[in-house]
Amino acid sequence: MPNNARSMIFALLALSGLATTTIATAARGDGGGSTYQQEIAVCGHNQQDRAACIREAGAARQAAARGGLTSAPDYRANAVARCGLQPPAERADCEARVLGSAGNIRSNVDGSVMGGGVIRESVSTRVVNIPAATLPPPTAAPMPAPMPAEPMPMPMPRPVPVQ
């Protein structure tokens, strides 16, 4: 009997320790509660339907509780990896567009995903050196018309009509 009582005491102590830890965690706001509250606060202030926003925040909270959420994806590395599929001659330009301005390339990003799309514009300036042998020969500029040696005679005045 004393052995059974001892087992009961250890079980009660373990159970009370677990309950204390759970209560302390809930009081602190851990476990995704504060993130959930922040996500709910954003709902209604964006272009998404409020009910859908709240559903997604709840789904994210459940996934976080299961350990299903990971850190944010590295979009930059993903974009550069996509440039690896381009032909070698175009790969550097692709990376410059994705990463922003680089060297002689100016980039401009306009729009938003919520607005329907992101438009990336890049303008690159290239100086092309053409070998002199391939250029056409220079043409002489046309000569201006020669000035007459004598002054031109004055035209005769018109006769005045008689009334």
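The values are calculated or read from the model by the stated rules, or taken from the named source; none is laboratory data. Remember, it's a predicted structure, so these values are computed and weren't measured experimentally. Neighbour counts run over all protein chains shown; Cβ positions are idealised from the backbone, glycine included. The area values use the complete protein model at the heavy-atom level, side chains included, leaving out ligands, DNA and RNA. Shrake-Rupley method; radii C 1.70, N 1.55, O 1.52, S 1.80 Å.
Listing for the model above:
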{"quantity": "Of all accessible heavy-atom area on region 47-101, the percent that carbon and sulfur account for (1.4 Å)", "calculated": "52"}
{"quantity": "Glu150 - accessible surface, heavy atoms, 1.4 Å probe, Å² rounded to 10", "calculated": "140"}
{"quantity": "Nearest-0.05 FRET efficiency for Val162 and Leu135, computed from C-beta distance (R0 41 Å)", "calculated": "0.05"}
{"quantity": "By accessible area with a 1.4 Å probe, ligands and nucleic acids excluded, highest first: order of Ile119, Ile54", "calculated": "Ile119, Ile54"}
